[in-house]
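I have placed the structure first, in the form of structure tokens, so that the comments after it can refer back to it.
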Amino acid sequence: KDLQEDKIPMFDAVDTVKDCLAIATGVIVTMRPNPKMLMKALCPEMLATDLADYLVRRGVPFRETHHISGACVRLAEEQEVSIDTLTLEQLQNIDSRFEEDVLKVWDYVASVERKSSIGGTSKARVLEQVENCIVFAETL
């Protein structure tokens, strides 16, 4: 069999990756985030996983908390309200392990900062990754 036939898709893939890198570079270099608009685009439903994580921190297995969080989202949708407006009583009707401090889950900044494992979204981890990228770029 002629092994040259398998090289064409590989070269196409390399060309595609090079094009994607060029596009991504252009986007990143010209990007100017607008903090006000970014904050405006946030919605409490983005924090549904934080609701699940809240219960995980209290020892509830994630396989359970995922369904509990889903029930909270469903209740909010059924009542046509934002999930962050559900009362402690409503949350406790879904699961009694919710306590008063659950209402702190709806803090976007705290949500970002809680994710501090390697590759996480906390400011310290993001700055660490930026530094890693700069160091890597200097080797190119």
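The values are calculated or read from the model by the stated rules, or taken from the named source; none is laboratory data. Every value quoted in this text rests on a predicted model; they were computed, and no experiment measured them. Cβ sites come from the backbone with ideal geometry, for glycine too, and all protein chains shown count toward neighbours. Side chains included, ligands, DNA and RNA excluded: accessible areas come from the protein's heavy atoms. Shrake-Rupley method; radii C 1.70, N 1.55, O 1.52, S 1.80 Å.
Residue pairs whose Cβ atoms lie under 9 Å apart, sitting 6 or more positions apart in sequence or on different chains, and linking a residue in segment 24-45 that is in contact (Cβ under 8 Å) with a residue 12 or more places away in the chain and closer than 28 Å to TRP106 by Cβ to a partner that is open to solvent by less than 100 Å² (accessible area, probe 1.4 Å) and polar (S, T, N, Q), are CYS43/SER82; PRO44/SER82; PRO44/THR85; GLU45/SER82.
For segment 58-84, residues that are closer than 18 Å to LEU42 by Cα and basic (Lys, Arg) total 0.
I want to confirm something. Restricting to segment 95-110 and keeping residues that are part of a helix (DSSP H, G or I) and of a type in the set (Asp, Glu), which single residue is nearest to MET46 (Cα to Cα)? Selected residue: ASP101.
Exactly one residue out of GLU89, GLU64, GLU80 is free of Cβ contacts under 8 Å to residues at least 24 places away in the same chain and in a loop (DSSP other than H, G, I, E, B), and it is GLU80. Just one of the numbered conditions (1) touching a residue at least 24 places away in the same chain (Cβ under 8 Å); (2) of a type in the set (D, E, K, R); (3) over 30 Å from PRO35 (Cβ atoms) is not true of ARG114: (3). Taken together, the residues in segment 124-140 that are closer than 23 Å to ARG114 by Cβ and of a type in the set (S, T, N, Q) amount to 2. Of everything in segment 47-104, what is of a type in the set (Phe, Trp, Tyr) and crowded, with 16+ Cβ neighbours inside 10 Å? Give them in sequence order. Selection gives TYR54, PHE98.
Can you spot a residue in segment 101-117 that is acidic (Asp, Glu) and under 22 Å from GLU64 (Cβ atoms)? Taking every residue of segment 101-117 in turn, at least one turns out to be acidic (Asp, Glu) and under 22 Å from GLU64 (Cβ atoms). Taken across segment 32-46, residues that are in a loop (DSSP other than H, G, I, E, B), open to solvent by 80 Å² or more (accessible area, probe 1.4 Å) and farther than 17 Å from GLU99 by Cα do occur, with at least one present.
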